[in-house]
Amino acid sequence: MSKTIALVGNPNSGKTTLFNALTGSNHHVGNWPGVTVEKKVGYVRHGGVDYEIVDLPGTYSLGAYAEDERIAREFILSQGADVVINVVDATNIERNLYLTTQLLEMNVKVVLALNMVDEAEAKQIKVDLAGISERLGVPVVPTVASRRKGIDILLDTAADLINAPLNGRPHITYGEDLDGKLARLQDLLDGLRLDYPRQWLALQLLEGDGYAERLMQENEVLKSSQELAAFLSELKPRAEQYQLEIVDYRYRFISEVTADTVCRPDEAVPTLTDKIDKIVTHKYFGLPIFALIMLGVFQLTFAIGEELLGGIVAGWIGVLGEFVTGGLSTMGAPEWLISFLSEGVFAGLGAVVEFVPLIVVLYMLMGFLEDSGYMARAAYVMDNIMRAVGLQGKSFISMLVGFGCNVPGVMATRTLENKKDRMIAILINPFMSCGAKIPIYLVFIGAFFPEHGGLVMFSVYGLGIIVALLMGKLFSATLFKGEVSHFILELPPYRKPTLRNVLRNMWDNVSGFLVRAGTVIFAVVSLLWILAVLPTGVEPYGPASILGRIGTFVAPIFRPAGFGTWQAAVGLFSGIAAKESVVATLGMVYAGVDSGVELIEAIRSVFTPLTAVSFMVMTLLYTPCVATLGTIKKETGSTKWMAFSAVYTFVLGWFAAVLVYRVGLLLGFA
Amino acid sequence: MIKELLLALASGEYVSKPELAVKLGKPLALVDAALDELVRLGFVERDDGPADCELPCGGCPYASMCNRVSLSTLAITAKGWQALSQ
């Protein structure tokens, strides 16, 4: 008569390789009853005895949480195996021994196959086999399944164990309190006829295991014990606490087993990543370091993008514009088409696209930080600050996403389970300077602060974060009160950035920017061009045009902030369609006023340094674009919150711009 | 040790798993395994960041502009807080 050996182990422990080494090609594959999980059964003859080898699904635990776990557990508990070979990865013993501990709790015959000992040796992991065997109370056989090493000894050991009595098992304690409860449960189970080991069943009932609880409801023998039912009702409210304690004691047991039997090189020594993190994520230095790095990024962006590459694209656009419009004139094309292309497309769209070199440099530097692993640290630093002002820590993730674009930024708030936390994160996300706002800053920096571009850009980004934190604090204290959550970040190790990743990150962003310029911005510019040249008979791009009349009507709103011109007003309102449109509109309306004058020159003649700052503050904070508003409506499921977001950001932006302008005037700035 | 880990998560002071291992005086492999077990049992949840916006990047019109930051966080669940409070 053949004997049955079950193979059980963690995924990637080499269990299937061992199965193949044991059975060769003598096996068949099917499914476990009622499920689609693969069942492999093989056969081997050893020492004159036939063995059936059952390869159980790979699992980390023998709980009732996953199908694989349940199949493995039920097969072992049904006493389907005469002996269990527990395959343990020698390079990852601590993790694998959790399953071993649960096997010991089931009180079954176990042989531990310590697999991949060659890899452990290569990694300088030293394992005291005799020590582990003694502490676990099971035989331990070193194997290298891929090279069939230790296979015969493993089969010999399994065969011996089948014929030997089960003894020498260690006593696993779960603490005085739980041990007492377990003893009481076992006493209550003792008088009942059951197919399961009592110690194991008692443990599962104490843990609140779903399978054991179902057993209590379905098994006539268990249901009949009123005393047991009463005791379980008493235990049930604290099942989660007991489960946690039981897991805790299992790990204590593993810790005791491996304490001086498993020795790893440089164990518990902080890595280089940890040493760097000590500085860059420091409670007090982390933020200034982050600020300095970002300031450096912006300074470099202007040094390389503006001084070395600036003007290249603008020059190309100028040459191309002249070529196209000149060609069309020669061909006798209609005046409106030439006007549309020169003032609408080349002046408007060109004003946006000419900043591509700066955006290329900025995203390359950001990609470098991202690929090195630093941005995750920056997130940690920001998280600390967010928690300090009472905000949900995880909101920072959506804020970081918002630096690229507010639409995915708002969508990223889905990771927040609490609705109140989500609402705050959604409402503050538009204050993150998205990529579309960059051209606006660049135009005004180019016009008034070319020497301090990096510093001004850094200040605008910083102001956005500060306003977001302040509004978040205000919302969490008023509209959305709630608890602050805690978590740890799994920070990836630092790595050398690869050129491929950096370039890909840059291209993703720049191509997105260009696609929008060719679609959304083109549509906006086309519409505004029509409004700027109609009605016929009035000066195109003048205050009498439809666009001019709309701008003139709205402009007084912005007069207290120092930029009450109709051009600035239509620029801001076109920005609600898409933020890049602000620059495109300004490019078009100023080019229309005085064709050939570059936008930056035109800006200088209309704005002052103070009104330029006030305008940048307004564009940073005011109403998000329609795509973001649409996403807010979708994510909140409410038109009311979308309207609230549109209005409160506008009001806030307006007040901030007026404040900047008025305080600036009082301080003597022009 | 499991409770210590959960308490460490509750304090929110730790940066990385290696540092956590150093502070608890346990091998990293054990801390790693224990954290995974806490996740599996539902005391802790793992969040792999913006990818969880549930919109596959391939189908997202904003994917090219999304500032994807690879972050993974571990946070205590309601079940974990309840167990801690008991």
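The values are calculated or read from the model by the stated rules, or taken from the named source; none is laboratory data. All of these numbers come straight from a predicted model, not from anything done at the bench. Heads up, the Cβs are rebuilt from the backbone with ideal geometry, glycines too, and the neighbour counts pull from every protein chain shown. SASA here: full protein model, heavy atoms, side chains in, ligands and nucleic acids out. Shrake-Rupley method; radii C 1.70, N 1.55, O 1.52, S 1.80 Å.
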Item to check | Count of the range A:524-539 residues which are open to solvent by less than 60 Å² (accessible area, probe 1.4 Å) and of a type outside the set (Phe, Trp, Tyr) | outcome: 9
Item to check | Extreme residue, nearest to A:Phe573 (Cα to Cα), among residues of the range A:656-668 that are surrounded by 15 or more Cβ atoms within 10 Å (Cβ to Cβ) and hydrophobic (A, V, I, L, M, F, W, C) | outcome: A:Ala657
Checklist entry - Can A:Ile557 be described as open to solvent by 30 Å² or more (accessible area, probe 1.4 Å), of a type in the set (Val, Ile, Thr) and within 38 Å of the chain's Cα centre (by Cα)? => result no
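Just to be sure, is A:Ala230 of a type outside the set (Lys, Arg), touching a residue at least 12 places away in the same chain (Cβ under 8 Å) and either open to solvent by less than 20 Å² (accessible area, probe 1.4 Å) or in a helix (DSSP H, G or I) (or both)? Can you show your working first?
On the way: of a type outside the set (Lys, Arg): yes; touching a residue at least 12 places away in the same chain (Cβ under 8 Å): no; either open to solvent by less than 20 Å² (accessible area, probe 1.4 Å) or in a helix (DSSP H, G or I) (or both): yes.
Here the answer is no, as A:Ala230 does not meet what is asked.
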Checklist entry - Quick one: would you say A:Ile426 is open to solvent by less than 10 Å² (accessible area, probe 1.4 Å), in the same structural domain as A:Tyr363 (by TED's automatic domain parsing) and within 21 Å of A:Cys625 (Cβ to Cβ)? => result yes
Item to check | Residue selected from the range A:493-511 under the condition modelled with pLDDT of 75 or more and farther than 30 Å from A:Thr271 by Cα, by the criterion surrounded by the fewest Cβ atoms within 10 Å (Cβ to Cβ) | outcome: A:Ser511
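To keep it simple, each residue is scored yes or no on (1) assigned to a helix (DSSP H, G or I); (2) at the interface with chain B (Cβ under 10 Å from one of its Cβ atoms).
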position: A:Ile428; (1), (2): yes, no
position: A:Ala436; (1), (2): yes, yes
position: A:Gly453; (1), (2): yes, no
position: A:Arg495; (1), (2): no, no
position: A:Asn501; (1), (2): yes, no
position: A:Leu514; (1), (2): yes, yes
position: A:Val524; (1), (2): yes, no
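Report whether or not A:Thr611 is surrounded by 23 or more Cβ atoms within 10 Å (Cβ to Cβ) and either within 30 Å of A:Ser526 (Cβ to Cβ) or aliphatic (A, V, I, L, M) (or both). Before the answer, list the steps.
Values: surrounded by 23 or more Cβ atoms within 10 Å (Cβ to Cβ): yes; either within 30 Å of A:Ser526 (Cβ to Cβ) or aliphatic (A, V, I, L, M) (or both): yes.
When the stated conditions are applied, A:Thr611 passes them.
Where in the range A:324-422 are the helices (runs of 4 or more DSSP H), entirely inside, with at least 2 residues that are open to solvent by less than 20 Å² (accessible area, probe 1.4 Å), within 18 Å of A:Pro439 (Cα to Cα) and in contact with a Gly (Cβ under 6 Å, 6 or more places away or on another chain)?
So the answer is A:356-372.
Pick out the one residue from A:Phe290, A:Phe302 that is within 14 Å of another protein chain (Cβ to nearest Cβ), surrounded by 16 or more Cβ atoms within 10 Å (Cβ to Cβ) and in contact (Cβ under 8 Å) with a residue 24 or more places away in the chain.
Numbers: A:Phe302 fails: within 14 Å of another protein chain (Cβ to nearest Cβ).
Of the residues listed, the single one that is within 14 Å of another protein chain (Cβ to nearest Cβ), surrounded by 16 or more Cβ atoms within 10 Å (Cβ to Cβ) and in contact (Cβ under 8 Å) with a residue 24 or more places away in the chain is A:Phe290.
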Checklist outcome for this item: Sole miss for B:Lys79 among (1) modelled with pLDDT under 80; (2) facing chain A (nearest Cβ under 7 Å); (3) surrounded by fewer than 20 Cβ atoms within 10 Å (Cβ to Cβ) is condition (1)
Item to check | Residues (open to solvent by 10 Å² or more (accessible area, probe 1.4 Å), at pLDDT below 85 and touching a Pro at 6+ places or on another chain (Cβ under 9 Å)) located in the range A:575-599 | outcome: A:Gly592
Checklist outcome for this item: Result of the Cβ filter at 7 Å on the range A:153-175, keeping first residues that are open to solvent by 40 Å² or more (accessible area, probe 1.4 Å) and partners that are part of a helix (DSSP H, G or I) and among the aromatic types (Phe, Trp, Tyr), at least 6 apart or interchain, is A:Thr173/A:Tyr249
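If you take the residues in the range A:448-483 that are among the aliphatic types (A, V, I, L, M) and open to solvent by less than 10 Å² (accessible area, probe 1.4 Å), which one is farthest from A:Asn384 (Cα to Cα)? It would help to see each step written out before you state the result.
Initially, the range A:448-483 is screened for residues among the aliphatic types (A, V, I, L, M), giving A:455-457, A:460, A:463, A:465-471, A:474, A:477, A:479.
Going one step further and asking which of them are open to solvent by less than 10 Å² (accessible area, probe 1.4 Å), we end up with A:457, A:468.
Numbers: A:Met457: 24, A:Ala468: 15 Å.
Applying the filter and picking the extreme gives A:Met457.
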Next on the checklist: I'd like the residue in the range A:178-196 that is free of Cβ contacts under 8 Å to residues at least 40 places away in the same chain and under 42 Å from the mean Cα position of the chain (by Cα) and, out of all such residues, is farthest from A:Leu232 (Cα to Cα).
Outcome noted: A:Asp179
Next on the checklist: Among (1) within 7 Å of another protein chain (Cβ to nearest Cβ); (2) over 20 Å from A:Asn92 (Cα atoms); (3) at pLDDT 80 or above, there is one condition B:Ile2 misses while meeting the rest; what is its number?
Outcome noted: (2)
Item to check | Tally, over the range A:242-289, of residues that are modelled with pLDDT of 85 or more, more than 30 Å from A:Arg135 (Cβ to Cβ) and in contact with a Phe, Trp or Tyr (Cβ under 9 Å, 6 or more places away or on another chain) | outcome: 4
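Of these, A:Arg169, A:Arg148, A:Arg135, A:Arg184, which one is in contact with a Gly (Cβ under 7 Å, 6 or more places away or on another chain) and charged (D, E, K, R)? Give the derivation first.
On the way: A:Arg148 fails: in contact with a Gly (Cβ under 7 Å, 6 or more places away or on another chain); A:Arg135 fails: in contact with a Gly (Cβ under 7 Å, 6 or more places away or on another chain); A:Arg184 fails: in contact with a Gly (Cβ under 7 Å, 6 or more places away or on another chain).
Going through A:Arg169, A:Arg148, A:Arg135, A:Arg184 in turn, just one is in contact with a Gly (Cβ under 7 Å, 6 or more places away or on another chain) and charged (D, E, K, R): A:Arg169.
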Checklist entry - Here are some conditions: (1) in a loop (DSSP other than H, G, I, E, B); (2) modelled with pLDDT of 80 or more; (3) more than 7 Å from chain A (Cβ to nearest Cβ). B:Lys26 meets all but one. Which one does it not meet? => result (3)
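Filter the range A:541-551 for residues that are closer than 24 Å to A:Val658 by Cα and either of a type in the set (A, V, I, L, M) or at pLDDT 90 or above (or both) and give the result. First the steps, then the outcome.
Looking only at the range A:541-551, we keep the residues that are closer than 24 Å to A:Val658 by Cα, and these are A:548-551.
Within the range A:541-551, A:Arg549, A:Ile550 qualify.
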